[in-house]
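The values are calculated or read from the model by the stated rules, or taken from the named source; none is laboratory data. A quick note: this is a predicted structure, and the numbers were derived from the prediction, not measured. Note: ideal-geometry Cβ built from the backbone for every residue, glycine included; neighbour counts use all protein chains shown. Side chains are part of the model used for accessible areas, which takes the heavy atoms of the whole protein and leaves out ligands, DNA and RNA. Shrake-Rupley method; radii C 1.70, N 1.55, O 1.52, S 1.80 Å.
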Amino acid sequence: MSAGDRKEIKVGILGATGTVGQRFIQLLSSHPYFKIHALGASSRSAGQQYGKITKWKLNTPIPENIKSMIVQECKPTSGGFSECGVVFSGLDADVAGEIEEAFRSAELIIFSNSKNYRRDPLCPLIVPLVNPSHLSIIPHQKKSLGLEKGYIVTNANCSTTGLVVPLAALEKAFGPLETVMVTTLQAISGAGYPGVSSLDILDNVVPHISGEEEKIEWETNKILGGLNSNNESFNLHSDEKENLKPINVSATTTRVPVIDGHTGVVNVKFNSSRPKPSIEEIEKAFREFKCEAQELNVPSAPEQAIVVHDLPDRPQPRLDRDLHNGACVSVGRIRPCPVFDVKFVCLIDNVRLGAATSSIMNAEIAVEKGLIV
Ligand SMILES: NC(=O)c1ccc[n+]([C@@H]2O[C@H](COP(=O)([O-])OP(=O)(O)OC[C@H]3O[C@@H](n4cnc5c(N)ncnc54)[C@H](OP(=O)(O)O)[C@@H]3O)[C@@H](O)[C@H]2O)c1
């Protein structure tokens, strides 16, 4: 069935006034079958018109039909949420855990950007260009919790997402990786609004983002691992029978004065039991990487999952974050590493593929798999 033939599915957005929430609104307002039906935020915003209360920061205007919508409290019984086929969450992590659980218990389907359920053994952590197969745990999640319809799907930390897409391409072409080192240069919008104060970030690099390195180091193995054969648990990239071990990941994260777009400087060591690929073979693996989201032809899938840049000074956030509507990962500077095997630079739009676009694409894939009706 083509996207245009699908029947309309009403969607809600939690955290609709925030940085990620605004992207949800921008992206969903022209979606072929998801229709924005309910908006939620804190009690500071609830009861007021979206257009009046939101500090809109995108360079397209607030869609006309959204401006006058009344922001609701984030309760499953608040106006309109109970009628939604999907609820997207861009909630602050301090409150996301409890609110998302309340929505799931009320038999609603949540696609979340927050960190709270990423490590949950029942919740898939899905980067849509990498591991949509992890949606197969959903029947087990619902059964374990005694639910008929409600479940939670999470997407990854924004920097993790930019890293695992090229890593998945390398594993697909050349087998399991052994060690990955990444240093990130992360945009200010990754910290939400108002984020880092201008006096801290202008003319500066801040070499610490709380909790970020641990997320990258842990999430990578859940995403690049598989589901066990009964579809009831994740193997976290390890399997004794297959001699598969978790990838050693070491991350250093920094905040830089860029508005949107996280850059990653990556070094990779391949498993020593296999012949090492050449730089040309690695470039080809990136260029030819195809994923399930593209095969399913879901509306938000980029034509190209990984864009390989040939110029020696690319990718750059300002020039390359908008490629494929912010739904791809850019890779450049692919070259031999005298300490590891290969090094390269990657770039992701942290608020689109790093957040809202991933949630939407995950939900589109769930629609294709009959998990949202
Ligand atoms: N920014 C990124 O690049 C990015 C990328 C990936 C994942 N994430 C994750 O996505 C989530 C949202 O991030 P963000 O950058 O959009 O943050 P943000 O700009 O600070 O927005 C937070 C949202 O949460 C709402 N909120 C705060 N307290 C609440 C409460 N007590 N009850 C209900 N709603 C409440 C806010 O509503 P009010 O306006 O009413 O306060 C706002 O809509 C976070 O968990 C973040 O870690 C962000």
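Assorted remarks:
- Flag if L39 is within 11 Å of the ligand (Cβ to nearest atom), at pLDDT 95 or above and either part of a loop (DSSP other than H, G, I, E, B) or among the polar types (S, T, N, Q) (or both): no
- Enumeration of residues in segment 294-321 that are open to solvent by 90 Å² or more (accessible area, probe 1.4 Å) and either at pLDDT below 95 or assigned to a loop (DSSP other than H, G, I, E, B) (or both): N297, E303, D310, L311, P312, D313
- Scanning segment 140-194 for residues that are among the β-branched types (V, I, T), closer than 16 Å to D341 by Cβ and open to solvent by 10 Å² or more (accessible area, probe 1.4 Å) gives a single hit, T179.
- Of all residues in segment 11-32 being buried (at least 17 other Cβ atoms within 10 Å of the Cβ), of a type outside the set (A, V, I, L, M) and within 15 Å of A363 (Cα to Cα), the one that is nearest to the ligand (Cβ to nearest atom): F24
- Matching residues in segment 125-178 - criterion: being of a type in the set (D, E, K, R) and part of a loop (DSSP other than H, G, I, E, B): E148, K149
- V95 vs. criteria open to solvent by 10 Å² or more (accessible area, probe 1.4 Å) and either within 14 Å of the ligand (Cβ to nearest atom) or free of Cβ contacts under 8 Å to residues at least 40 places away in the same chain (or both): yes
- Boolean, I66 is of a type in the set (V, I, T), outside any strand (DSSP E or B) and either in contact with a Leu (Cβ under 9 Å, 6 or more places away or on another chain) or buried (at least 23 other Cβ atoms within 10 Å of the Cβ) (or both): yes
- Cβ pairs under 6 Å, 6+ apart, first in segment 1-30 and outside any helix (DSSP H, G or I), second open to solvent by 50 Å² or more (accessible area, probe 1.4 Å) and of a type outside the set (S, T, Y): E8/K35; K10/K35; K10/H37; K10/E83
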